[in-house]
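Read through the structure below, which is laid out as structure tokens, and then see the notes.
The values are calculated or read from the model by the stated rules, or taken from the named source; none is laboratory data. All values derive from a computational prediction rather than experimental measurement. For neighbour counting, all protein chains shown are included, and Cβ atoms are generated from backbone atoms with ideal geometry for every residue, glycine included.
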Amino acid sequence: MTRYVAFLRGINLGNRRITGDELRARFEALEGLSDVATFLASGNVIFDAEAGPGELEAAIERHLRETLDYEVDTFVRPLEHLEGLAGPDLFSEAGTPGYKVHVLFLKEAADERAGDRLREIADEEDRFRTSGRELYWLRHGGLGDSKLQPADLERAAGAETSTLRTLNTVQRIVAKFSVDDG
């Protein structure tokens, strides 16, 4: 069994409201998922499963579309993978007051031209790094103050869709749900 985190896009925004208990119940109804938990009200679901991430993303998206009556883009990562994201310093300013690191979870790795496109939109307030299926956004100030939106970063990465979390949220999920084998 592998422990996974599903990051859902657009849950609890606008009229797409669902409680953590309701979301957990929908995941528990999916065959092959066990030990289901939710974290915060922004669409973070932790569970154990035998299937791989791609198969899980498709099954979860299909199930949520059928039971909620709308599309929910789903980004599944093994918790072990997230442990690697939560640790290293990505930017020298990370942790400095006024700076916050955000993670855009992508379906596929950023395309080969993503680095060039991200350098074109980067400035003193917004800087970026990509690694596999994640795009890191160092933001000085609040997201609402940026001239950029997550959709701008999706285009720069060559991605059709993404979902955004703070690195702090990812670190909190790892701290709460990692199983210490020692």
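Couple of notes before you dig in:
- Among the residues of region 137-182, those identified as under 20 Å from Glu120 (Cβ atoms) and hydroxyl-bearing (Ser, Thr, Tyr) are Ser146, Ser162.
- Residue among Ala151, Ala175, Ala159 that is of a type in the set (Gly, Ala, Ser) and in contact with a Ser or Thr (Cβ under 9 Å, 6 or more places away or on another chain): Ala151
- Those residues of region 1-33 which are more than 18 Å from the chain's Cα centre (by Cα), over 15 Å from Val76 (Cα atoms) and either surrounded by 21 or more Cβ atoms within 10 Å (Cβ to Cβ) or polar (S, T, N, Q) (or both), in sequence order: Asn15, Thr19
- Among residues of region 50-70 being touching a residue at least 12 places away in the same chain (Cβ under 8 Å) and not in a helix (DSSP H, G or I), the one that is surrounded by the fewest Cβ atoms within 10 Å (Cβ to Cβ) is Tyr70.
- Options Glu124, Glu112, Glu134, Glu108; residue that is more than 25 Å from Asp35 (Cα to Cα) and surrounded by 13 or more Cβ atoms within 10 Å (Cβ to Cβ): Glu134
- Glu83 passes every criterion in (1) surrounded by 17 or more Cβ atoms within 10 Å (Cβ to Cβ); (2) touching a helix residue (DSSP H, G or I) at 6+ places or on another chain (Cβ under 6 Å) apart from (1).
- Summed over region 10-30, the residues that are in a loop (DSSP other than H, G, I, E, B) and modelled with pLDDT of 95 or more give a count of 2.
- Breaking point among (1) over 26 Å from Gly142 (Cβ atoms); (2) of a type in the set (S, T, N, Q); (3) modelled with pLDDT of 95 or more, for Thr38: (1)
- Enumeration of residues in region 34-49 that are buried (at least 18 other Cβ atoms within 10 Å of the Cβ), assigned to a strand (DSSP E or B) and touching a residue at least 40 places away in the same chain (Cβ under 8 Å): Asn44, Val45, Ile46, Phe47, Ala49
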